[in-house]
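Structure, as structure tokens:
The values are calculated or read from the model by the stated rules, or taken from the named source; none is laboratory data. Treat the numbers as computed from the prediction; the structure is a model and nothing was measured. Positions of Cβ are generated from backbone atoms using ideal geometry, with glycine treated the same way; all protein chains shown enter the neighbour counts.
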4 protein chains.
Amino acid sequence: MKKYSFKNDYSEGCHPNILEALIKTNLVQQNGYGYDEYSDQARELIKQKMNHQNADIHFISGGTQANLLVISSILRPHESVVSAETGHIFTNETGAIEATGHKVHGLVTEDGKLTPEHIQSVLDTHTNKPHQVKQKLVYVSNSTEVGTIYIKKELQELSAFCKANDLYLFMDGARLGQALTSEINDLTLEDIASLTDVFYLGGTKNGALLGEAIIITNDKLKEEFGFHIKQKGAMLAKGRLLGIQFLELMKNDLYFDLAKHSNVQAMKIKSAFQNKGFQFLSDTFTNQIFPILNNSQIEKLSENFDFYIWKKIDEENSAIRLITSWATSDEVVEEFIGEVSLL
Amino acid sequence: MKKYSFKNDYSEGCHPNILEALIKTNLVQQNGYGYDEYSDQARELIKQKMNHQNADIHFISGGTQANLLVISSILRPHESVVSAETGHIFTNETGAIEATGHKVHGLVTEDGKLTPEHIQSVLDTHTNKPHQVKQKLVYVSNSTEVGTIYIKKELQELSAFCKANDLYLFMDGARLGQALTSEINDLTLEDIASLTDVFYLGGTKNGALLGEAIIITNDKLKEEFGFHIKQKGAMLAKGRLLGIQFLELMKNDLYFDLAKHSNVQAMKIKSAFQNKGFQFLSDTFTNQIFPILNNSQIEKLSENFDFYIWKKIDEENSAIRLITSWATSDEVVEEFIGEVSLL
Amino acid sequence: MKKYSFKNDYSEGCHPNILEALIKTNLVQQNGYGYDEYSDQARELIKQKMNHQNADIHFISGGTQANLLVISSILRPHESVVSAETGHIFTNETGAIEATGHKVHGLVTEDGKLTPEHIQSVLDTHTNKPHQVKQKLVYVSNSTEVGTIYIKKELQELSAFCKANDLYLFMDGARLGQALTSEINDLTLEDIASLTDVFYLGGTKNGALLGEAIIITNDKLKEEFGFHIKQKGAMLAKGRLLGIQFLELMKNDLYFDLAKHSNVQAMKIKSAFQNKGFQFLSDTFTNQIFPILNNSQIEKLSENFDFYIWKKIDEENSAIRLITSWATSDEVVEEFIGEVSLL
Amino acid sequence: MKKYSFKNDYSEGCHPNILEALIKTNLVQQNGYGYDEYSDQARELIKQKMNHQNADIHFISGGTQANLLVISSILRPHESVVSAETGHIFTNETGAIEATGHKVHGLVTEDGKLTPEHIQSVLDTHTNKPHQVKQKLVYVSNSTEVGTIYIKKELQELSAFCKANDLYLFMDGARLGQALTSEINDLTLEDIASLTDVFYLGGTKNGALLGEAIIITNDKLKEEFGFHIKQKGAMLAKGRLLGIQFLELMKNDLYFDLAKHSNVQAMKIKSAFQNKGFQFLSDTFTNQIFPILNNSQIEKLSENFDFYIWKKIDEENSAIRLITSWATSDEVVEEFIGEVSLL
């Protein structure tokens, strides 16, 4: 029997509702390239949920693709983007942004989150124009790559700072569902739409086979985005595949239920570690947790479960990363908690 | 009731076997990024079918993506690619290749097919080195964008010419199934593998929801291709979605059966037009046909069917394009033929 | 003794006035990067001569550099530029424009000049948005690469067409001096400034050691151009070298005198061929002429002079290219004419 | 009267020998694009001086241009370059390297110099292939942007580390003359040639009007470099301008005499500050020094001299940067030292 994997939130297929919808619609002829009825309906539902009728919404396949599309469509050749060093674009996308011609500034942060002070520090060291790149875009992830989230006050400050400094604000929402359903969250989808210029809702890590919904609220950034999608090879002939999935995820808030489920499962496991007195690399409230264990404890848990050893603390101890998903069952969580209680 | 559309071969979803496989495998945990078991099995089946164990096979989402990945991974900054003017990369990909930094030479051809003479003409006019780009890659489509196919002798000559001139040969196989099952075809998958350096097998236009299988047979071109896939945003987290589809398509030659079906349906319609004495823009034997009709005939057929008016011949006549697919039913074909017989 | 070369107009150094100015200013300390006094004075003189105070003027090193800077600074990633097939950017810059990410449409012309009809033909075949690149810029050379020039009516029509179609018009003026001093010219520098959005005045081919003056008259294209110059490696630390040269060339219209001299020398040679009844590949009135000679005549002339065999006409005859320059002396021209008279 | 400027080493024109040579050769016809006799002779002299006959040598205009040419010609799309954070490519070239598609890793160093440990730290955090860029090139400057130099042992260790890790080593030699003539230097030009794969000899900051000599010693990096020069707009039609300058600079070791002169002048000023007990931001032995002064001292010196305030130390004190050059006269140095003695 294979071990259960807590390695990531894309180990399974998709929510059954999506499969049912694929079957039901399979032989209905539709226009290609995102002009199908399902995509239209999905766009309409998203607009309703964020209470923002003027947004442009584009469905594409994955996070790296979304990031490079958005960033390369916005920046002129001499402009750059500011990110946390832990940001996906800075470290985990094989230089995808640089490949489109733009520098990414990577900033050291405590918790994967940017503040106005971080960004100001970049502006302060790039005043020798035109010998240095010009910062034009700020990239944040919510939830971040280390499991943390932005609260409303933080995002408001960031948004105000960007506006004051003629910077666009772009939110990578590969795990935005998890952020918005975290127990400590105080942001709404409507807040995100009004505080950022462009963001995306991740499907791949929240119950879809693939798919991210790029949502552009700033009119200046909307123009001719379709050209970029096509040019970067991101326009699916059968765009219906993306539309159908987002339509199902948006119906009855399935998207948020799935995200909340993944958070709840992670929090149960977090409690189990806390009850045993374990420390964590960072205090997270989404579907990623980073408990610190000693080597023999890690070895013990590895017998029946798969996970990443995230960071070596010292010779005896390491933080591991556990990720839960929409598909993580109560049974698996209970079984794992049972093993934790025996550590 | 909506009209039946002959506009393209990606108006429906996918072959039912794929949906069944998606359901059956849905909750099985798998590695991401193409390292799942289904992708492995699909790669194995493809290698068997082309009798070439040493190929590298990568599954990605679509044709433009495949083209830009292959071409940008091969060429150094000063190198260019030669294509027919009708080639997808020259005219229908929003400058995707140029966006990666490379010139595409577009050649006027009679039938969408390149010959050694075409390529020699580019070499002859680019001898002023280093003031002109260096040709390094030849791009052909089979079947072509105008429905024609390469026969064995033609591909052998092209392949020999490329080898003699230190050029790589790349075949866009978005509709390779249709080419290989055309009634006039004399090429095998094994021939394609041995006569080209890299090619792809199209899934999107032959029964998959999405997906193209890039097959690299030249060892020099294999190196580190995965980096390119990731960098261009083409690496799906749930690579299983592509693996499952190609696995189903390769089982029992479903892929070729579907392609043949689309060809047969087109040939039936072609015969119907021929029987009525219509001319064609080009003589095709795959799933695209281009009959020339007068305006009132076009209007008549448009009442119940959708298709593109492809090229205006004169004030009274135009060629239309009709595309059939794996999903085009006998009933629809008969109904359409019925209408043709009344023209 | 070496043969005299008519191969190009950059075989010698520079006009003596420039050398004198270099000596005179050599030890005066100046700001770098184009902020020196000589560059300021040169910009002022150019503005006066074209009667256009609001232009932005930047001095850079060469034609390919000017072309790639202007074009890449203007176009967004999905936009393209239209050129004659003979245009320098299409064929003789090693794919410099494509290397910045943009497609160049190459159009077959009779005489190296674009008309509204040419451009319209590109627009007509690129209506399938967003699957095709968007044309945004028209590139013309004056004088062209085949020695012809635009007359006022032609440039007015082109300019009007571009404005009507939301296209920018860019003139490559590597040999603009020769164009404006041609005996058939009816355009002024002021006309050029008002009918184009951006153009440049070539120094390299008209008496400078190196240098082109990029002149931007459209306000939309001025923004932050300095960043592009620096990023492309085109910003000289000692910008004074360019400023000093353009200052000398602009003083007392030396620039136009030198250009006219090169034209006059070419026209004398042209007359010599005409008097002997020779035909020409094209009828030019600038410093490039293309007489058609038979092989033995070519061999004869080659004994004492160097030039390019430009185009084979048939087995017996070829067009040769002869280029004169600011430095071509009366003695050399007379000597060459003497040889022509003996053919 | 204008103040004397210690702001940089490119405030004057060029060494008089160069002007004389320009005059002497001015009307001699030469081939373009670097194929002139002077360039050939200059290449020969450089090869002799570094005792390396197999190098390829290319003359281009400036440092940013040299950097982007070398780096973009070497790296494949997914490969990156490692630099100190103070490295010119990381911070002062408007993203020139990223504009060619490549990530630059910026490392915090004490003195602007990279060690194997620095590079190893990047390799260690980039093991998640293919999700992260692949390091392929190490960029060092000698002398560095903060005036320090590599000694032989350091460069040997770096070179060995690069070879062991399949990394190329590239030295930015914009001020290589100053490094090699520094009083603490123990490297020879021959060492540089054998310990790096490619480097350049800077002319712009050492007595030329413009020009850097790119020297490629690794055979793998030589191939088709001319195409890159042309494509990036870096190929001067009158390449003679660069050849003549390097020929003059190489004759009788003028290049090294000029560099040494600039170092000596800086060291005299350094001694003056040391004698008065001033501290320095870093201990340098080339033509850049960074003494720390209080605000009133800075104000006093500013009355008759120009220089940059480099780094604020606290409210009362800042480091200033003083740069001397081949053209800095003894008189100016004495005058300045006189003022220092009065602080």
Filter pass, D:S73 being under 20 Å from D:L254 (Cα atoms), hydroxyl-bearing (S, T, Y) and surrounded by 24 or more Cβ atoms within 10 Å (Cβ to Cβ)
no
Within segment C:86-103, work out how many residues are in contact with a Ser or Thr (Cβ under 7 Å, 6 or more places away or on another chain) and crowded, with 24+ Cβ neighbours inside 10 Å.
8
Cross-chain or 6+ apart pairs with Cβ under 6 Å, segment D:157-185 first and among the hydroxyl-bearing types (S, T, Y), then part of a loop (DSSP other than H, G, I, E, B) and crowded, with 19+ Cβ neighbours inside 10 Å:
D:Y168/D:D197; D:S182/D:I149; D:S182/D:F285; D:S182/D:T286
Spot the failing condition for A:A208; the list is (1) surrounded by 24 or more Cβ atoms within 10 Å (Cβ to Cβ); (2) small (G, A, S); (3) within 11 Å of another protein chain (Cβ to nearest Cβ); (4) in contact with a Ser or Thr (Cβ under 6 Å, 6 or more places away or on another chain), and only one is missed.
(4)
Within the group C:I269, C:I298, C:I337, which residue is over 17 Å from C:I149 (Cβ atoms), modelled with pLDDT of 95 or more and out of contact with any helix residue (DSSP H, G or I) (no Cβ under 9 Å at 6 or more places or on another chain)?
C:I298
Which members of segment B:3-33 meet the condition of being within 7 Å of another protein chain (Cβ to nearest Cβ), in a loop (DSSP other than H, G, I, E, B) and without any contact (Cβ under 8 Å) to a residue 60 or more places away in the chain?
B:N26, B:L27, B:Q29
When you scan segment A:100-137, how many residues do you find that are assigned to a loop (DSSP other than H, G, I, E, B) and hydrophobic (A, V, I, L, M, F, W, C)?
3
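Name the residues in segment C:231-251 that are in a helix (DSSP H, G or I) and either at pLDDT below 95 or surrounded by 23 or more Cβ atoms within 10 Å (Cβ to Cβ) (or both), would you?
Selection gives C:Q231, C:R240, C:L241, C:L242, C:G243, C:I244, C:Q245, C:F246, C:L247, C:E248, C:L249.
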Sort out which residues of segment C:28-42 are on the phi < 0 side of the Ramachandran plot and of a type in the set (S, T, Y), and write them in order of number.
C:Y35, C:Y38, C:S39
Name the single residue that is farthest from C:V70 (Cα to Cα) among those in segment C:159-203 being under 15 Å from the mean Cα position of the chain (by Cα) and of a type in the set (V, I, T).
C:T181
Of the candidates C:I298, C:I337, the one satisfying the condition of being within 27 Å of the chain's Cα centre (by Cα), more than 20 Å from C:E183 (Cα to Cα) and among the β-branched types (V, I, T) is C:I337
Mind telling me which of the residues B:Q48, B:Q53 ends up being of a type in the set (S, T, N, Q), surrounded by fewer than 21 Cβ atoms within 10 Å (Cβ to Cβ), part of a loop (DSSP other than H, G, I, E, B) and out of contact with any Gly (no Cβ under 9 Å at 6 or more places or on another chain)?
B:Q53
When D:Y139 is evaluated against the numbered criteria (1) of a type in the set (F, W, Y); (2) in contact (Cβ under 8 Å) with a residue 40 or more places away in the chain; (3) farther than 30 Å from A:I71 by Cβ, which criterion, by number, is the only one it fails?
(3)
For B:Q41, work out the one condition from (1) under 21 Å from the mean Cα position of the chain (by Cα); (2) in contact (Cβ under 8 Å) with a residue 12 or more places away in the chain; (3) surrounded by fewer than 24 Cβ atoms within 10 Å (Cβ to Cβ); (4) more than 10 Å from every other protein chain (Cβ to nearest Cβ) it doesn't fulfil.
(1)
So, in segment D:130-151, how many residues would count as being more than 14 Å from chain B (Cβ to nearest Cβ) and either of a type outside the set (A, V, I, L, M, F, W, C) or farther than 20 Å from D:E190 by Cβ (or both)?
12
Out of (1) assigned to a helix (DSSP H, G or I); (2) buried (at least 22 other Cβ atoms within 10 Å of the Cβ), what's the single condition that is false for C:K153?
(2)
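Being assigned by TED's automatic domain parsing to the domain that holds A:A213, within 23 Å of B:E12 (Cα to Cα) and of a type outside the set (D, E) is true for just one of A:Q65, A:Q48, A:Q30, A:Q53. Which residue is that? Steps first, answer last, please.
Numbers: A:Q65 fails: within 23 Å of B:E12 (Cα to Cα); A:Q48 fails: within 23 Å of B:E12 (Cα to Cα); A:Q53 fails: within 23 Å of B:E12 (Cα to Cα).
It is A:Q30.
Somewhere in segment B:215-226, is a residue of a type in the set (V, I, T) and buried (at least 24 other Cβ atoms within 10 Å of the Cβ)?
So far as segment B:215-226 goes, yes, one or more of its residues are of a type in the set (V, I, T) and buried (at least 24 other Cβ atoms within 10 Å of the Cβ).
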Out of segment D:218-252, which residues are among the hydrophobic types (A, V, I, L, M, F, W, C) and under 23 Å from D:A208 (Cα atoms)?
D:I229, D:A234, D:M235, D:L236, D:A237, D:L241, D:L242, D:I244, D:F246, D:L247, D:L249, D:M250
One residue from C:I119, C:I151 being of a type in the set (A, V, I, L, M, F, W, C), at pLDDT 95 or above and farther than 28 Å from C:K232 by Cβ
C:I151
Looking only at segment B:67-99, count how many residues are closer than 20 Å to B:G226 by Cα, more than 8 Å from every other protein chain (Cβ to nearest Cβ) and not in a helix (DSSP H, G or I).
1
Identify all residues within segment B:281-300 that are of a type in the set (A, V, I, L, M, F, W, C) and farther than 19 Å from B:G338 by Cα; write none if there are none.
B:L281, B:F285
Are any of the residues in segment C:299-322 crowded, with 21+ Cβ neighbours inside 10 Å, touching a Ser or Thr at 6+ places or on another chain (Cβ under 7 Å) and not assigned by TED's automatic domain parsing to the domain that holds C:E110?
no
Please specify each residue of segment B:53-66 satisfying the condition of being more than 17 Å from the chain's Cα centre (by Cα) and either touching a residue at least 12 places away in the same chain (Cβ under 8 Å) or within 14 Å of chain A (Cβ to nearest Cβ) (or both).
B:N54, B:A55, B:D56
